[in-house]
Amino acid sequence: MVLSIIHGIEEADREEQGMGRITLHVHGAPRERAMNALIEMYAQRLQSRGVRYEFHSSKLTPEAYAERLLAQSGMLYLLDEAGIRDDSMAFAQRVETWTLSNETVHLAIGPAEGWPPLDSLSNLPRLSLSAMTFPHELAAVVLIEQLYRATEISRGSKYHKA
């Protein structure tokens, strides 16, 4: 109970300051316990920094998942192997820009079948973690760790040793 009250106060403070929030969306919950544990660990660390993690049911069709994402207010970025590839420092700069804006940013990892060929998705910005293809659970781990790394770079901690 205390955690939710504190979290609510932190959220209210962030909204008053006009800082942007980031939500990571994933189609389907991780089945691998180890992957889920890593995601939860980083999600907990990022909670007070305005970053949320949201699972969407794997029972949603790719089209229904896309429509749900498109209904969100804010800026939507799709994770796609053909998207823009940033190194960790450039991604940290991008994340810092997002958090300083007033707009919520949504980062979405697509369904296993890939993004459906919808016109509404065709002009959205796309980011890539690598030229390689990863299982969605692993992509979620890599992305949430990079979000954590980005916030640590911005804080000037020693977590990132470039």
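A short reminder: the numbers here are calculations on the coordinates, not readings from a lab. Since the structure is predicted, the reported quantities are computational estimates derived from the model, not experimental observations. With ideal geometry, Cβ positions are generated from the backbone for all residues, glycine too; neighbour counts draw on all protein chains shown.
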* Asked: Using modelled amide H (1.01 Å from N, peptide plane; none on Pro or chain starts), what sits under 5 Å from the amide H of residue 101, excluding residues fewer than 5 places away?
  -> 20
* Asked: Once phi is turned into θ = phi - 60°, what whole-Hz ³J(HN,Hα) does the Karplus curve with 6.51, -1.76 and 1.60 give for every residue of region 47-64, x standing for Gly and Pro?
  -> 3, 7, 9, x, 10, 10, 10, 10, 8, 10, 3, 6, 6, 5, 5, x, 5, 5
* Asked: For the chain, what does -39500 (n - 2.57) per DSSP helix run (n ≥ 4), summed and divided by total residues, give at 222 nm, in deg cm²/dmol to the nearest 500?
  -> -15000 deg cm²/dmol
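Could you tell me how many cubic angstrom of Cα convex hull volume the chain has per residue?
Normalising the Cα hull of the chain by residue number yields 131 Å³.
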* Asked: Between exposed trypsin sites (Lys or Arg not before Pro) in the chain, where DSSP calls loop and at most 14 other Cβ atoms lie within 10 Å, what's the longest gap?
  -> 60-157
* Measure nothing fancy, just the Cα-based angle from helix 33-46's long axis to the longest principal axis of the chain, in degrees from 0 to 90, nearest 10. => 40 degrees
* Structure fact -> In Å, the C-alpha Rg and Dmax of region 71-113 are 11.7, 34
* Structure fact -> Karplus-derived 3J(HN,Hα) from phi for region 88-101 (6.51 cos²θ - 1.76 cosθ + 1.60, θ = phi - 60°), whole Hz, x at Gly and Pro, runs 4, 5, 5, 5, 4, 5, 4, 4, 4, 4, 4, 6, 7, 7
* Structure fact -> Taking Cα atoms, the helix 136-155 axis meets the longest principal axis of the chain at an angle in degrees (rounded to 10) of 30 degrees
* Quote the charge dipole size of region 20-155 about the Cα centre in Debye, to the nearest 20; the model charges only the Cβ of Lys and Arg (+1) and of Asp and Glu (-1). => 400 debye
* Part-to-part distance (alpha-carbon centres) for region 16-85 and region 103-162, which is given in Å -> 9 Å
* Asked: If we count other beta carbons within 10 Å of each Cβ, what is the order of 95, 142, 105, fewest first?
  -> 142, 105, 95
* Asked: Can you list residues whose amide H is under 5 Å from residue 53's amide H, if they're 5+ apart or on another chain and H is modeled 1.01 Å from N?
  -> 24
* residue 81 long-range amide H proximity, modeled H, under 5 Å -> none
